[in-house]
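Written below as structure tokens is the structure these notes are about.
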Ligand SMILES: Cc1cc2nc3c(=O)[nH]c(=O)nc-3n(C[C@H](O)[C@H](O)[C@H](O)COP(=O)(O)O)c2cc1C
């Protein structure tokens, strides 16, 4: 929409191309990795393809397939994929469909660590240290040096397969309390070897992963990293160490960082804010023990954080000031004016998850009507879409104000 002046009075760059390492997005919008729950038995389904195709047709610059594990043992859900040769042709169909609509495709690669589910992978969960994870009632095994070496290699192999599958970018998941984040965080990392203790030691796994990933990515695949600005748990990683870690990633050649926060096993709604759909989440748990535990304790243990538009902006600004590489802002975008504001503050890209659940064409909508606001705002958000991913496909359950009353 040429000539449109954004609400803070500067000319918009939202619909101008943007560069991340070797790739150029047609505009500044990214579909944030939001677990779709659309890989039954670990295999990408037709609905996963259709969802990402609809986001691409809806105007996004790049869409991100969420939470693909680099190893079977890193899976949290049975309907979560892990990158392996058998799924490459399925992902290829998805990336072809996305490309047909002029968008690019990224895949988030990670490992659940202490969130890994033995019923899913047949393996005991692994973590930096043997510490109970109350979320899934998991007692993980501390990783050996050989486990770590294998994990690092798995990242490289996953990047090569992602490239074969047609992905333009990979996003390494180093936040939210999954394996890499568990190593970074003093709350979960109690190791006494070269991977624990000092920040440099806690960063060692991530640094090794980055080198392996960059090597595998070569000059074709962009490498983004999702990081926590704050773990939001007592004894966890705070902003000063997160900034240091982000500088390290910049030095290791990350093409962009996605700034987030929170720990799924303790402060899971810190990354999203808004209401916690306890009832819906408990209803969808398959294990009677976890169901009962959550019934009694989840309201006491999982903290609620109020939602406001651009809730991470204050913290993200400090990262913007300290770093030179492209930054992706994510967190509470429900309007075009919010996107414009973020870009005007020096962030190169904006990412959205919830706004694209009910409206995969949200980007086209705000292009056509700059005043359009996502129904997420009206929803609260109650975050019912988050509950749906536990046992099935991510979907918006919000029926509008009238139905909610
Ligand atoms: C249903 C759902 C699933 C999510 N799954 C993931 C995930 O697999 N990986 C991840 O990094 N973030 C995940 N997130 C967090 C989002 O990527 C994003 O950081 C967060 O929702 C804030 O963005 P928003 O306000 O635009 O929704 C998820 C969010 C939602 C709503």
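Remind me, relative contact order of the stretch 16-66 in percent, using alpha carbon pairs under 8 angstrom and six or more residues apart? Before the final figure, lay out each step's value.
Working: 57 pairs, mean separation 21.4, N = 51.
It rounds to 42 percent for the stretch 16-66.
Gain in length, residue 139 to residue 292, computed as 0.36 nm per residue apart minus the alpha-carbon separation, to one decimal in nm? Before the final figure, lay out the partial values.
Details: separation 153, 0.36 × 153 = 55.08 nm, distance 1.81 nm.
Between residue 139 and residue 292, full extension yields an extra 53.3 nm.
Figure the gain on full extension for residue 279 and residue 300 (residue separation times 0.36 nm, minus the Cα-Cα span) and round it to one decimal in nm.
Values: separation 21, 0.36 × 21 = 7.56 nm, distance 1.36 nm.
Contour length minus Cα-Cα distance gives 6.2 nm.
So in the chain, what percent of DSSP beta bridges are antiparallel if you round to the nearest 5? Please list the in-between numbers first.
Numbers: 7 of 41 bridges.
Antiparallel bridges make up about 15 percent of those DSSP assigns within the chain.
Average projected area of the Cα convex hull of the stretch 1-136, in nm²?
Working: hull surface 44.1 nm².
Spelled out: convex hull of the Cα atoms, projected over all directions, averaged, 11.0 nm².
Could you work out the relative contact order of the stretch 1-123? I mean the mean sequence separation of Cα pairs under 8 Å and 6+ apart, divided by the number of residues, in percent.
Once normalised by length, the contact order is 26 percent.
Quick one: among 289, 23, 60, which has the greatest mean-square fluctuation in a GNM of the chain with alpha-carbon springs under 10 angstrom?
289
Relative contact order for the chain: what is it in percent, counting Cα pairs under 8 Å that are at least 6 residues apart?
Numbers: 893 pairs, mean separation 67.4, N = 405.
Over the chain, the number comes to 17 percent.
Of 245, 12, 144, which is the most mobile in a GNM of the chain whose springs link Cα atoms less than 10 angstrom apart?
So, out of 245, 12, 144, the one fluctuating most is 144.
In what sequence, highest mean first, do 122-134, 221-233 appear when ranked by Cβ atoms within 10 angstrom? Before the final figure, lay out each step's value.
Working: 122-134: 17.8, 221-233: 25.0.
Packing order, densest peptide first, comes out as 221-233, 122-134.
Quick one: length gained pulling residue 391 to residue 164 fully straight, 0.36 nm per residue minus the C-alpha distance? Mind dumping the intermediate values first?
Values: separation 227, 0.36 × 227 = 81.72 nm, distance 2.95 nm.
In short, 78.8 nm is gained.
Need one word for the stretch 94-228: rounded, prolate or oblate. Basis is the Cα gyration tensor (sqrt eigenvalues a ≥ b ≥ c); a/c below 1.5 gives rounded, then a/b vs b/c decides. Could you put the intermediate results ahead of the total?
Numbers: a/c = 2.25, a/b = 1.68, b/c = 1.34.
Verdict is prolate for the stretch 94-228.
For the chain, with a Gaussian network of springs between Cα atoms less than 10 Å apart, report the residue from 343, 179, 109 with the top mean-square fluctuation.
So, out of 343, 179, 109, the one fluctuating most is 343.
Kindly put 339, 272 in sequence by how many other C-beta atoms sit within 10 Å of each C-beta, fewest to most.
In increasing order of surrounding Cβ atoms, one gets 272, 339.
Mean residue ellipticity at 222 nm from the helices of the chain, using -39,500 (n - 2.57) per DSSP H segment of n ≥ 4 over the full residue count, to the nearest 500 deg cm²/dmol? Spell out each step's value before the answer.
Numbers: 17 runs with 150 residues, N = 405.
Mean residue ellipticity at 222 nm (helix-derived): -10500 deg cm²/dmol.
Under a point spin-label approximation (7 Å from Cα along Cα-to-Cβ), what is the residue 345-residue 124 distance to one decimal in nm?
Rounded to a tenth, the inter-label distance reads 4.5 nm.
Using a/c under 1.5 as the rounded threshold, could you call the chain rounded, prolate or oblate? The axes a ≥ b ≥ c are square roots of the C-alpha gyration tensor eigenvalues, and prolate needs a/b larger than b/c, oblate otherwise.
Values: a/c = 1.37, a/b = 1.20, b/c = 1.14.
Since a/c stays below 1.5, the shape of the chain is classed as rounded.
Report the Cα centroid-to-centroid distance between the stretch 38-69 and the stretch 174-189 in angstrom, as an integer.
A separation of 26 Å, based on Cα centres.
Please work out the Cα center distance from the stretch 114-145 to the stretch 201-241, rounded to the nearest Å.
About 21 Å separates the Cα centre of the stretch 114-145 from the one of the stretch 201-241.
For the residue pair residue 199 and residue 377, what label-to-label distance in nm results when each label sits 7 Å from Cα along the Cα-to-beta-carbon direction?
Label-label distance for residue 199 and residue 377, simple model: 3.7 nm.
Read the figures in this text as sums done on the coordinates, not as results from a lab. The model shown is predicted, which means the values in this text are computed figures rather than measured ones. Because the Cβ atoms are built from the backbone with ideal geometry, glycine has one as well, and the counts that use them run over all protein chains shown.
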